[in-house]
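A short worksheet on the structure shown next.
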Number of protein chains: 4
Amino acid sequence: MRGNSFGEFFTITTFGESHGVALGAVIDGVPAGLSLSEADLEVALGRRRPGQSSITTSRAEADEPEILSGVFEGKTLGSPICVIVRNHDARSKDYDPNYYRTGHADRVWQEKFGHRDHRGGGRASGRETLARVIGGVVAEKLIPDVKIVGFTRQIGPHRATTIPENLSRDMVDAHPTRCPDPAAAEAIQAALEQAKRDGDSFGGIVEIQISGASIGLGEPVFRKAKALLPGALMSVGAVVGVTLGDAHEDAQTRGLEFHQSAGGELSGISASANGIQGGITNGETIRLLVYFKPASTVGSMAKEGRHDPCIVPRAIPVLESMCALVMADLALAQRLDRAFACTEPEFSGNSEV
Amino acid sequence: MRGNSFGEFFTITTFGESHGVALGAVIDGVPAGLSLSEADLEVALGRRRPGQSSITTSRAEADEPEILSGVFEGKTLGSPICVIVRNHDARSKDYDPNYYRTGHADRVWQEKFGHRDHRGGGRASGRETLARVIGGVVAEKLIPDVKIVGFTRQIGPHRATTIPENLSRDMVDAHPTRCPDPAAAEAIQAALEQAKRDGDSFGGIVEIQISGASIGLGEPVFRKAKALLPGALMSVGAVVGVTLGDAHEDAQTRGLEFHQSAGGELSGISASANGIQGGITNGETIRLLVYFKPASTVGSMAKEGRHDPCIVPRAIPVLESMCALVMADLALAQRLDRAFACTEPEFSGNSEV
Amino acid sequence: MRGNSFGEFFTITTFGESHGVALGAVIDGVPAGLSLSEADLEVALGRRRPGQSSITTSRAEADEPEILSGVFEGKTLGSPICVIVRNHDARSKDYDPNYYRTGHADRVWQEKFGHRDHRGGGRASGRETLARVIGGVVAEKLIPDVKIVGFTRQIGPHRATTIPENLSRDMVDAHPTRCPDPAAAEAIQAALEQAKRDGDSFGGIVEIQISGASIGLGEPVFRKAKALLPGALMSVGAVVGVTLGDAHEDAQTRGLEFHQSAGGELSGISASANGIQGGITNGETIRLLVYFKPASTVGSMAKEGRHDPCIVPRAIPVLESMCALVMADLALAQRLDRAFACTEPEFSGNSEV
Amino acid sequence: MRGNSFGEFFTITTFGESHGVALGAVIDGVPAGLSLSEADLEVALGRRRPGQSSITTSRAEADEPEILSGVFEGKTLGSPICVIVRNHDARSKDYDPNYYRTGHADRVWQEKFGHRDHRGGGRASGRETLARVIGGVVAEKLIPDVKIVGFTRQIGPHRATTIPENLSRDMVDAHPTRCPDPAAAEAIQAALEQAKRDGDSFGGIVEIQISGASIGLGEPVFRKAKALLPGALMSVGAVVGVTLGDAHEDAQTRGLEFHQSAGGELSGISASANGIQGGITNGETIRLLVYFKPASTVGSMAKEGRHDPCIVPRAIPVLESMCALVMADLALAQRLDRAFACTEPEFSGNSEV
C-alpha cells in the first residue's frame, strides 16, 4: 500500500487497522518549541468519538492517545511525534468473513492485495480517521492565527440558512447535529432519529470556513490551495464532492454578475474568489462545501449494528483536521518563497539564537 | 515556488511563463518501450489550442512541440522525456504592469514572491496547461485500455440531457462547444456568441467518464482515486468544484434509495459508487463532474482582448490529461501491491480483469 | 526536523528519543502477503543489543518489539507496519544537562532547534538505529534471494586477511568481534579489552558483501546503486567513509591493470566493477568498505559509563539493515522499468536472471 | 527510469542523452529575487568542458546554455528554471551498436530497459553532468556565504602535499591538472601525457573543502549532511568512494589521539569532526575526499578516440556542483526548523514586504 503519508513539509504518516492492536500517526516536519500534550489530543479525539448521542453509533472506544516521541517537557523537540491509540472495544464477531459488505471496500481490497483483515474495515475503516485528528491538533499549533470551523449546512431537505457571524467550534458543538441554525438542527435531529428506526441513512453537506490565513499560501500550478484542500477532504470516507464556494450555483452564474463584487484594479483582491485566487490565498475567508453520500449501512444491518444513520456531524472534526494539515503544510512552504529570507539579518538572528 | 511536479510514480514537472521563451514538461517514470512521436503531441495540443472557432480567443500560437530527450527510434528509452513549446505570438504590450487584473492572481503573486512577470499571467497563465496536455499524451500510452472522455454537460441554463453511449473524443469534438447533445450544443453556441458581444462570460459543468480501468487502482487512505482525481482537476485554472457522480443530488438522497442499486454481497461491487469504492477503482466507469466559475475577463477588456467568453470547451483536453496523469500513476503504483507481483502468473491475470 | 523517512518505494519512517517513551518505525510500501512475526524482529534486534560480551556496554534493554499494525494472521496486509520498542533501562541521571558532550551532537542540536532532550543523545543517540534494524527485517522479506553479510575487516592495526567463501551471518556472529578471521579476531578482542581499561577507543573498517541481487537494480543518474548504498551507510552514527570496493587502492591503480579483469565486449560485465556498473547492479557480488572513526567517549567518562570502546561489531547489523532497505527499494523500483513489466512473460525471465 | 531528480527543497530534475537533441535541467524550489544570467552558466560550463588542454578529450561542444523559463529581467521569478544545452558535435559513428563497451553501463542498461540509445552512453554518458553544473550555479546563488572548492589531491603516486590557505577556484584552475601544489601538478601532467600515449588511464583523489556554512545544516537521522554529501558525490560517474576527512587514516587512529583536538565541553565543537557532528554542520570547514577509479576506456580505443586519460580534473566542477545542490537544499530545510520563525514579527515582515 502507499499513500499513508500526507503533506510535503508538514508530514503525517498514519497506520493501524480498525481491529488491530493500535492506530496512530507519526508527524514529521514539526518545528521545535511548540507546546503539545496528551490532553490537547484527548479533547480533539473526543469531538469525533462515537457513542455521544442518540444519533451516533454506540461503539464506545476510550480513544486514549499516548505520545511516544517528539515531545519533551511539554514542547515539541523538532523530532517526529508518534501518537498511538490502542483498540479496545472491537467486536469483530459482528463481521462475517465470507461476504463483501455492500458499499464498502471489502471486494476491491481483496482484489488489490489478495489478503485482507476481514474483521472489519481494517485499514479502510472510518476508525482510521482518528489519526487524522491527531495530526490536525499538531498542525493547528503551527498556525495559531488560522481558524478552521466546519458545520452541518444541510442534511436531507433541511438546510441551515441563518449562520452566526464569527462562528466557533463551541457554537457548532452545542448541538449534536453540529448545525448552528437551531431550527434546521431540530429538524435534522428528528429526521436522523427516524432514519435510525427505519434502517435508512442520510448524506449531507458540510460547510468549512477558514479564516485568518495570511496572503500568499499555496503554489501556482499543481499545489494550488484550491487543489490541495479538496484533495485532502475527498480522502475522507464518504465524501463525494468538494467545491470552493457554492460552485453548483456559481457555475450557472454569468460573469458580469459573478465578478461585479471583485475588488478592482487597485487591490487585486476579488470577493467572489472565496479566499483563493490563482490557487493562492488572498487573505479573505476560504469557504468550502463538502458533499457526503448516504451512509453505506442500511436495512436490517443498520437497525441491529452500531452504525450512524448519518456520518456528517461526526465527520466535521476530521474535515477540519484535513484542512489544518493542508494549511500548516502551506505555511511551512511559504517560508521558502523568497531569496532574502535566509540572508536578512533578522532571520539569521532567529536561526542563530 | 514548489508544486510544479505532479505524480508519485509517473511524474511530470512543468515549467515556463506565458510570455517567456518556452513552456514545457519533463516526464519521468515512463517505462521503456512505449512508442511516442511529436505528431502524437501535435494532435493533442491542437485540441486545446485557441483560435479555432467563433467562440474562442484569436491568439494563434503555433504550439509546435519539440521532443528533446527520452525517445530514440520512436520509442521511449526509460529516461526522462523533455518536451518544449516555444512562445511566439505573445503581445505583451496588451498588459499594463501598473495594475492588478481583476479576478487574476497578479496581486497574490506579487505579495508571495515580491517579483513577477507582469507581461501576462506568467506562470499563472492558462497557457501553462499545454504542459499538462503533453503529459497526458505520454500517460495515455501507458494505459491503453483506459478511455477518458470529457464533454460539456452544461453552460448557463443549457444542459445536455441526451448523451450517446460509448462516447468518444471525436464525437465530442464534432461541435465547437464540445457538447454531444446537438440541441444543447446549438443553444450554448448562441449564448456564447452573444456573451462575447456583451463582454459577458460563462462558467459551466464538464462531465468526465473514465472507463476500462482495472479493478484495484488507488490507495486506501490519502491517495484514494476519488481524492487524487479531484485534486488533479482542481489544479486547473477556473475549476471551482469536482464531484464523484452528481454529489449535489446524491447528498440529498436517502440511503435506502441510493444504495438499492448496489451489487450485493456476492459481488461487492456497487453501481452507485460511480466507479470507486473505499477509494479504489471497482472496474466500473468513473464519472466526475467538474464545475467552472465564469471566465474572469469581463466588460470592456473582454470585448477588446483575445479572451474566451467561456473556457469550458477548451479546458476539456486539459481535464482529460489530468485524469490520464492520475490513472497512469495509479497503474504504476499497482505494480507494487503484492509480494510477487511481477513474477507470479496469477497476478497478471488479476491486473487484466 | 526532517529526514526521518528513508526510501522511495519501500519507505521507513522512524521515531523516538533514547530516553523517551518508545522508539519505533512505520514501514510503508510493503507488498501484501509476506510473512512477518515479532519473533523475526527479536532475533534481529538481539544481534545489535549491547550488553552481550566483555567488549560492549552493559546497558541491557529488553528491546521487545511490538507490532501494532500491518500484519494479520502472520502475513503483511499491504498496509503500513508500525513496530515499537519501549525504553526501560534509561539511566538519564548519567547525563548532566549543563554541558555539551565532546564529539557528540549536543551543541549543534541546541543551535539548530533551540530545545533538546538533554537526558541522552535523544534522537541523535545510537539507540535510534534499532528502528533501522526493524526496517531491515521487513526489507529482507521482500528480497529473499539477496544475501547481505557484513563483517569486521579491520580494527586498529589488526586486519582480517583470510575470509571464508560463502560467508554467512552465523559465521560472522560466532565471535564477539564479528571478525571471521580467527587470528585477527583474537587480536582485536585483546585490543578492545585493553582499550576499555585505558579509557581509549577504536574505529575500524567493515566490509559488506551483497550477493544474489538480480541485474538491473539502480537508476542511471542520481539514484545509482553505488550512490544510494553509501548514502544509506553514511547516515549511521560514526561512519566516516564508504567505498565501492577498495577505492583507496583502486584510485592509485592504473587503468590497464585495473580493467584487465573486465569481462570483455561480449558479456559487458566487468569483474572490477565490484557489482555495480553505471550505477546499476550487474549481477555480481557488491563489495563495500565502511570506515568508522573512533568512538567519541574516551577518558574518565569512558571508564565509568556504559560505553563500547569500539562500535564496529555492534554496528554491523545496522549496516546490513541499511543495505537491505536500499536493495528492497530498488527491487520495487525495478517493477516500474518496462512498459509491460507485470504482464509480459519475458520480463519475469529477465528479472530472474 | 527514476532518479533524475535530486533534492528535497531545492530540486533539480535533469534530462537528455549524450547523442539526443539536448540535455538540460529544471530547477525548482528556487526562491524569487536571485540574479541569474546565461553568462553565469557559461562560465561554469566552461570549467567542465573538454578540449581545453593536452590532457583532455578533443570533443569540443559549444555547450551554450539557454534559459527557457523562471527568470525575468535578470532575476529568478520563484518559478521553475529550465536551462537546455543542445548537442552539436556528436560523432555517433564512433560507436558500434553491436557490442557492449568494457567498463561501461551498456549491458546493464540493455538488461534493465530492453532498449537503449546505442549511439553513446546515452543517459549514462558523462555528458549528463553538465546539467548538474547548471544546477550548481543556481544553488550557489542561494548560499553566497558558502565557499566550495575542490582540487586534485592525488593522481597515481603523485600527491599534493602543500595546499595554500584560502584556496579559491581560480587558484585551482590555474593549472590544467587542477592540482594547487605546483610540484605535484607538473608530475601529474607528465604522467597523464604519457598515459595518453600508452593508452593507459588514471583514477585519483579529489579533496573538497566547504567553508562558510552556518551551524545547524543537516538533519539528525537519514538526511545527515555527512550522508547527503557522499550520496550526491557517489552519483557522479567514476567516483568509487567518499570519506569525511581522511577516513582511511582516521579509522586506524585510536580515540584518545583522535579526539584530543576536540573543542571541549564548553564549546561542544570538535575540530576532529571535519565540519559535521551528529550529521549536522558545526560551522567549521567540511573536508571530503572523493576517490575515482581509472577511466574505463583503455588500450587501442583510448589511443584513437576522444577520451581523457584521467577524468579527475574535469570532474571537479561537477563535484563542487553536487555539493552546492546539497548545501542549498539544507539551507532551505533550515528555514523550517523552529516554531517561531513564522510567527515572530521580523519574519512576517520579510514575507510581507
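For a bin width of 20 Å, list the pair-distance distribution of the protein assembly as shown built from all Cα-Cα distances, rounded to whole %.
Spelled out bin by bin, the protein assembly as shown gives 10, 40, 37, 12, 1 percent.
One decimal, nm, shortest first: give the distances between the label point of C:H88 and those of the same position in the other copies, each label point 7 Å from Cα along Cα→Cβ.
2.6, 7.2, 7.7
Stokes-Einstein diffusion coefficient for region C:150-201 at 10 °C in a medium of 1.306 mPa s, Rh from the Kirkwood formula over Cα pairs: what value in µm²/s?
142 µm²/s
Could you give, in nm with one decimal, how far B:V43 is from each other copy of that position, shortest first, with labels 7 Å out from Cα toward Cβ?
For B:V43, the other copies' label points sit at 4.9, 5.6, 6.0 nm, shortest first.
Evaluate the relative contact order of region B:145-353 (contact order divided by residue number), counting alpha-carbon pairs under 8 angstrom at least 6 apart; express in whole percent.
After rounding, I find 28 percent.
Given H placed 1.01 Å from N in the peptide plane, which residues other than close sequence neighbours of A:R153 have an amide H under 5 Å from its amide H?
Those qualifying (amide H under 5 Å, at least 5 residues apart or on another chain) are A:I205, A:V206, A:E207.
Would you calculate the separation in nanometres between label points at D:S35 and B:D170, each defined as 7 Å from the Cα along the Cα-to-beta-carbon direction?
5.8 nm
Say each of B:S267 and C:M301 gets a label point 7 Å from the Cα, pointing the same way as Cα to Cβ; how far apart are those two points in nm?
Those two pseudo-labels are separated by 6.9 nm.
What pairs from B:K196/B:K293; B:K112/D:K75; A:K141/A:K226; B:K75/B:K141; D:K75/D:K141; B:K141/C:K224 go past 18 Å between their alpha carbons?
The answer is A:K141/A:K226; B:K141/C:K224.
Put a label point 7 Å from Cα along the Cβ direction on B:A190, then list its distances to the equivalent points in the other copies in nm, shortest first.
4.7, 9.5, 10.5
In the Gaussian network model of chain C, springs joining C-alpha atoms below 10 Å, which of C:G103, C:G245, C:G136 carries the largest mean-square fluctuation?
Looking only at C:G103, C:G245, C:G136, the biggest GNM fluctuation is shown by C:G103.
Of the candidates A:H307, A:H248, A:H19, which one comes out as most mobile in a Gaussian network treatment of chain A with C-alpha springs shorter than 10 Å?
Among A:H307, A:H248, A:H19, the largest mean-square fluctuation in the Gaussian network model of chain A belongs to A:H248.
Normalised radius of gyration for region A:199-302, please: alpha carbon Rg relative to 2.2 N^0.38 Å, two decimal places.
So region A:199-302 has a normalised radius of gyration of 1.29.
For the Cα atoms of chain B, what angle does the longest principal axis make with the long axis of helix B:182-198, in degrees from 0 to 90, nearest 10?
Between helix and principal axis, roughly 30 degrees.
Please state the shape class of chain D: rounded when a/c is under 1.5, otherwise prolate if a/b exceeds b/c and oblate if not, all from the C-alpha gyration tensor.
Here chain D falls in the oblate category.
Rank C:H175, C:H88 by accessible area, highest first, at a 1.4 Å probe radius?
The ranking, largest first, comes out as C:H88, C:H175.
Using θ = phi - 60° and the Karplus curve 6.51 cos²θ - 1.76 cosθ + 1.60, what whole-Hz ³J(HN,Hα) does each residue of region D:199-206 get, with Gly and Pro shown as x?
Along region D:199-206, the couplings run x, 9, 8, 10, x, x, 10, 9 Hz.
Mind telling me which of A:S267, A:S296, A:S214 comes out most flexible in a GNM of chain A, alpha-carbon contacts under 10 Å?
A:S267
With a 1.4 Å probe and all protein chains left in place, how much accessible area per residue does chain C have, in Å²?
Normalised by residue count, the accessible surface of chain C is 31 Å².
D for region B:145-353, whole µm²/s, Stokes-Einstein with Kirkwood Rh over alpha-carbon pairs at 20 °C and 1.002 mPa s: what number?
My calculation gives 115 µm²/s for D.
The values are calculated or read from the model by the stated rules, or taken from the named source; none is laboratory data. Since we're looking at a predicted model, the values are computed, not measured. Heads up, the Cβs are rebuilt from the backbone with ideal geometry, glycines too, and the neighbour counts pull from every protein chain shown. The protein model used for the area step is the full one, side chains on, heavy atoms only, and it has no ligands, DNA or RNA in it. Shrake-Rupley method; radii C 1.70, N 1.55, O 1.52, S 1.80 Å.
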